[in-house]
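The values are calculated or read from the model by the stated rules, or taken from the named source; none is laboratory data. Note that the structure is predicted; figures quoted are calculated from it, not measured. Heads up, the Cβs are rebuilt from the backbone with ideal geometry, glycines too, and the neighbour counts pull from every protein chain shown. When the accessible area is computed, the model is the full protein with side chains, heavy atoms only, and any ligands, DNA or RNA have been set aside. Shrake-Rupley method; radii C 1.70, N 1.55, O 1.52, S 1.80 Å.
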Amino acid sequence: MYSEKTLNHFRNPKFAGEIKDPDAVGEQGNVKCGDMMRVYLKIEDNVIKAVRFQTYGCVAAIAASDALCKLAESKTLKEARKITYKDIVREVGGLPPIKVHCSVLGIDALKHAIDSYVKSPKNQEGKESKGK
Ligand code: FES
């Protein structure tokens with residue numbers, strides 16, 4: 001049912017855990033299934049220097065969370081915002097159609113984290129729009 005890549009992200013997640021003293025945190029839950037993801041970011045000069053996740057959820061949600069972190073690491077905030085669920089599905093080697101929605105959880109959590117960082121008064125200098 002799941003691809004080897006999905007199972008590998010699930011069994012050996014490289015980005016599981018939390019970041020102490022993160023620059024941004026974003027959360028997203030799915031009310032239908034109760035799954036929940038939290039993403040932690042360390043940001044320098046609008047670049048994601050470190051990213052970790054905590055996910056309570058199904059195999060696909062955990063694999064997708066790890067894949068999201070892999071795709072987001074070292075990206076600028078602007079680039080990270082462009083990651084789509086399709087990129088995640090590709091990264092995990094495809095998902096069964098009924099599990100594709102699990103890949104959306106991380107996208108939304110990441111966007112919440114980036115939004116909270118950009119809107120934070122201490123980061124209000126519009127750095128994100130300087131072309132990074
Ligand atoms: Fe809820 Fe996978 S079943 S995110």
- Label Glu18 and Lys42 with points 7 Å out from Cα along Cα→Cβ: what is the distance between them in nm? 1.6
- Query: Counting every Cα pair in the range 1-52, what percent are over 15 Å apart?
  - Reply: 60
- What accessible area per residue, rounded to a whole number of Å², is obtained for the chain using a probe radius of 1.4 Å? 55
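Of Met1, Met36, which has the most accessible area and how do the rest follow, probe 1.4 Å? Kindly include the intermediate steps, with their values, before the conclusion.
On the way: Met1 165, Met36 70 Å².
So the residues, ranked largest to smallest area, are Met1, Met36.
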- Heavy-atom SASA rank of Ile62, Ile114 (probe 1.4 Å, accessible area, largest first): Ile62, Ile114
- Query: How many percent of the accessible area of the chain is carbon or sulfur, using a 1.4 Å probe?
  - Reply: 52
- Sum of -39500 (n - 2.57) over DSSP H runs of 4+, divided by residues of the chain (222 nm, nearest 500): -11000 deg cm²/dmol
- Task: Express the relative contact order of the chain as a whole percentage, based on alpha carbon pairs under 8 Å and six or more residues apart in sequence.
- Result: 30
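I'm checking a number: the convex hull volume of the Cα atoms of the chain, normalised per residue, in Å³. What is it? The partial results should precede the final answer.
Working: hull volume 12.3 nm³, N = 132.
That works out to 93 Å³ per residue.
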- Message: Just to be sure I understand the model, the point goes 7 Å from the Cα along the line to the Cβ. What's the resulting Leu7 to Lys82 distance in nm?
- Response: 3.5
